[in-house]
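Inspection log for the structure reproduced underneath, given as structure tokens.
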Amino acid sequence: MAKLVLPKLDLRELSLPELTAHLAQLEEPAFRARQLYAWIHRKGARSFAEMSDLSKSLRVKLEEHCQLGSLTIDLKQESTDGTIKYRWRTADGQFIESVYMPSDRRKTLCVSTQVGCAMACAFCMTGTLGLKRHLTAGEICDQVYAVNADLRTRGGRVERPLTNLVFMGMGEPLHNFEQVKKSLELLESPEGCDFSHRHITVSTVGLVPMIERFGQETNVKLAISLNATTDEVRDRIMPVNKKWKIADLMEACRTFPMRQGRRITFEYVLLQGVNDSDEDAERLAKLVAGLPAKINLIPYNDNPGLGFLSVGDARAEEFRLILDKRNVFAAIRANRGRDIAAACGQLANVEKKAADPRASV
Ligand code: SAH
């Protein structure tokens, strides 16, 4: 009978206390766990071999008993605006994407939380894939570590160049809540990557019961993809709305535990003739009235075949002005990485399917 081979434990997914307990089983002291944790989460080591201050015998022992799950770069595309799209290959041969967006003040990474997505929003390319699987906390974190490592090779002297994270890549973060929560704990740990919760935003289609848990169990910022102002339209473009209506979603936002000075971001993709009327802008202002809210108006990024059209810049500005007049803070999101299909809602490994025969097997 074939011997059952269990996958080795991925050390990238363990918190410091878990790693300490695991090393204790291998008869290693707690300070070794701290060293190892710093290698994985602070310095972003890609293999045990490079952990130069661990003894050779420990590194061999680690290789034997555990693994360090790592993403590998499958394709890297750079936009004329400095945006970089990374396509990663996971250990089991899946493809996911992350998008790096530098500006003067911040270096932001947009990370994926699932391979594909189950939410099926009508305008979103990732939504056409369906859900292939959830990402592990280790895979979510490794997008950050691997980009930091790649940026370090560009000659910067900063150890961890990324300053901000947005969970707005492929997938619905609150549909993979446990792993997302774990990844936030790892990314925020002071012994590790030490991200401030003020610099991390998680975006959701609006899984209402999970928004409550998210508020209780994490401390990062919330963004809601609202995208419509009537249930009739939202039902049509975001199937999640059939289950949780706009009123339920807004109620969850009103009871969301808000930290001092924070606002909830509402993302609103402007779709020509669908959700871009003056009445929509008026209703949107009413929906968020009284909430510490910020509206992010997103110009639609064209996905051929999905049947939606973008509004022009002038119309986007008119829409913003209506909100402005109602004292609702709204900004039109700069469109980045369009030339490499790295913009919002365009992540779907499209080119992979076309170019790589393996992808169709
Ligand atoms: N599932 C999460 C995070 C991923 S989508 C969520 O829905 O919030 C990130 C954002 O991109 C969402 O606000 C979504 O509405 C938006 N988006 C999706 N497709 C888009 C497109 N083609 N053009 C512009 N924005 C899009």
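The values are calculated or read from the model by the stated rules, or taken from the named source; none is laboratory data. Just so you know, these numbers come straight off a predicted model, no measurement behind them. For neighbour counting, all protein chains shown are included, and Cβ atoms are generated from backbone atoms with ideal geometry for every residue, glycine included. With ligands, DNA and RNA removed, areas are computed over all heavy atoms of the protein, side chains included. Shrake-Rupley method; radii C 1.70, N 1.55, O 1.52, S 1.80 Å.
Taking only the C-alpha atoms, wrap a convex hull around the chain and report its volume per residue in Å³ as a whole number.
164 Å³
HN-Hα J couplings of the stretch 163-172 from phi, Karplus 6.51/-1.76/1.60, θ = phi - 60°, integer Hz, Gly and Pro as x?
These are the phi-based 3J(HN,Hα) values: 10, 9, 10, 10, 8, 9, x, 5, x, 10 Hz.
What is the helix-to-structure angle for 313-325, meaning the angle in degrees between its Cα long axis and the longest Cα principal axis of the chain, kept from 0 to 90 and rounded to the nearest 10?
The two axes meet at around 80 degrees.
Helix-only mean residue ellipticity at 222 nm, the chain, DSSP H runs n ≥ 4 weighted -39,500 (n - 2.57), per residue, nearest 500. What is it?
The helix-only estimate for the chain comes to -9000 deg cm²/dmol at 222 nm.
Looking only at the chain, where both bridge partners belong to it, what percent of the DSSP beta bridges are antiparallel (to the nearest 5)?
45 percent
Between the stretch 106-164 and the stretch 193-230, how far is it from one alpha carbon centroid to the other, in angstrom?
Going from one Cα centre to the other spans 16 Å.
Based on the Cβ-Cβ distance of E279 and R133, what FRET efficiency does E = 1/(1 + (r/R0)^6) give at R0 = 41 Å, to the nearest 0.05?
0.50
Say each of T72 and D324 gets a label point 7 Å from the Cα, pointing the same way as Cα to Cβ; how far apart are those two points in nm?
Modelled inter-label distance: 5.1 nm.
Protein chains only, probe 1.4 Å: how do R315, R259, R213 rank by accessible area, largest first?
Result, largest first: R259, R213, R315.
Counting Lys and Arg as +1 and Asp and Glu as -1, what is the net charge of the other residues whose Cβ lies under 12 Å from the Cβ of D235?
After counting each charged neighbour, the total is +3.
Under 26 Å Cα-Cα from K132, which lysines qualify once same-chain neighbours fewer than 8 residues away are excluded?
K8, K76, K85, K181, K182, K242, K243, K352, K353
Net charge near E185: determine it from the other residues with C-beta under 14 Å of the C-beta of E185, scoring Lys and Arg +1 and Asp and Glu -1.
Value of the local net charge: -4.
Amide H neighbours of V269 under 5 Å, counting only residues 5+ apart in sequence or on other chains, H built in-plane at 1.01 Å?
Those qualifying (amide H under 5 Å, at least 5 residues apart or on another chain) are N227, I298.
Using each residue's phi in the stretch 131-144, evaluate 6.51 cos²θ - 1.76 cosθ + 1.60 at θ = phi - 60° and report the 3J(HN,Hα) Karplus result to the nearest Hz, with x for Gly and Pro.
Once θ is set to phi - 60°, the couplings for the stretch 131-144 become 8, 8, 6, 6, 8, 7, 4, x, 5, 5, 5, 5, 4, 5 Hz.
In the chain, which cysteines lack any other cysteine Cβ under 4.7 Å from their own?
By the Cβ distance rule, which asks for a partner under 4.7 Å, the isolated cysteines are C66, C110, C117, C141, C193, C253, C344.
Under 5 Å between amide H atoms, partner at least 5 residues away or on a different chain: which partners does W88 have, H built in plane at 1.01 Å?
Under 5 Å from the amide H of W88: D74, I96, E97, S98.
With axes computed from alpha carbons, what is the tilt in degrees of helix 208-217 against the longest principal axis of the chain, rounded to the nearest 10 within 0 to 90?
50 degrees
Work out the FRET efficiency for R259 and D92 from their Cβ-Cβ distance, taking R0 = 35 Å, and round it to the nearest 0.05.
0.40
Given the Cα atoms of the stretch 131-273, and with Rh set as the inverse mean 1/r over their pairs in the Kirkwood sense, what is Rg to Rh to two decimals?
Using Cα coordinates only, the ratio equals 1.01.
Whole-Hz Karplus ³J(HN,Hα) for the stretch 240-255, in order, using 6.51 cos²θ - 1.76 cosθ + 1.60 and θ = phi - 60°, x for Gly and Pro?
4, 6, 5, 8, 10, 6, 4, 4, 5, 5, 5, 5, 4, 5, 5, 9
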